[in-house]
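Below is one structure, written out as structure tokens, with a few remarks after it.
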Amino acid sequence: MTVSSDARHLGSMLLEEGLLTEEQLNQAIAAQEESGNPLGRVLLDEGLVSEADLVKTLARQIGIEYVDLTEVTVDPAAAAIVPEYLQERYTALPIAFRGDNRLIVAMVDPANVLAIDDMRAISGMDIIPVVTTRGDLEDAIKRQARFDESVSGLAELAVEDMQGFDDPAGRESAAEEAPVVKLMNTIITRAVS
């Protein structure tokens, strides 16, 4: 079995970035020829590069933006556009808006045309795929789901709290202390900091 030119190019990029030594690359290429696995899989299995470093390098190789979801704040309005079951199915999470009609979606496989088409149909927006690591994306999807559940729970509490207030002055006082108001204050504070 011969090493593909893509694998050689990936290896060269990792060398240029100082993420691998020549010896480590040769070791990985030998393991690749023996196993038949892609070079990236071999590098991860051998512990020669981190998933984040490999994904960043692959993203640069194919010309797609890499996003570190541990350093990016996901826009809840963007995330809410695509249902959670599709986020999990495609391992994809809308993270932001760009302009009036574009939705930035973090994906593990930005070449998944079916996922992009489905999200375009659901959102009515152009999809701009960016790539990230599987672990970070799965964690972000879970965090967003917990956030959505919290907001729904607080909204239900607010409705319950507001029922029975016939007096406008009492309603205004209760509204200032309502869980939704507290939630919005928390969201704004987190966004500012």
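If you check 2, 70, which single one turns out to be modelled with pLDDT under 90, of a type outside the set (A, V, I, L, M, F, W, C) and open to solvent by 40 Å² or more (accessible area, probe 1.4 Å)?
Just one listed residue meets the conditions, 2.
So residue 25 fits all but one of (1) over 30 Å from residue 144 (Cβ atoms); (2) open to solvent by 50 Å² or more (accessible area, probe 1.4 Å); what number is the exception?
The single condition residue 25 does not satisfy is (2).
Taking residue 57 as the residue in question, decide whether it is buried (at least 20 other Cβ atoms within 10 Å of the Cβ), out of contact with any Phe, Trp or Tyr (no Cβ under 6 Å at 6 or more places or on another chain) and within 30 Å of residue 27 (Cβ to Cβ).
Judged against the criteria, residue 57 is a match.
If you scan the range 79-95, which residues turn out to be under 17 Å from residue 139 (Cα atoms) and either in a loop (DSSP other than H, G, I, E, B) or open to solvent by less than 40 Å² (accessible area, probe 1.4 Å) (or both)?
79, 80, 82, 83, 86, 87, 90, 91, 92, 93, 94, 95
Checking the condition touching a strand residue (DSSP E or B) at 6+ places or on another chain (Cβ under 8 Å) and touching a residue at least 40 places away in the same chain (Cβ under 8 Å), which residue from 82, 108, 72 passes?
Criteria check complete, one pass: 82.
Look through the range 28-54, keep the residues that are among the small types (Gly, Ala, Ser) and within 20 Å of the chain's Cα centre (by Cα), and return whichever of them is least open to solvent (accessible area, probe 1.4 Å).
52
For the range 57-76, give me the residue count where each residue is over 14 Å from the mean Cα position of the chain (by Cα) and part of a helix (DSSP H, G or I).
6
The values are calculated or read from the model by the stated rules, or taken from the named source; none is laboratory data. Since the structure is predicted, the reported quantities are computational estimates derived from the model, not experimental observations. Reconstructed Cβ throughout: ideal geometry from the backbone, glycine too, with neighbour counts over all protein chains shown. Accessible surface is based on the protein model in full, side chains and every heavy atom, while ligands, DNA and RNA are left aside. Shrake-Rupley method; radii C 1.70, N 1.55, O 1.52, S 1.80 Å.
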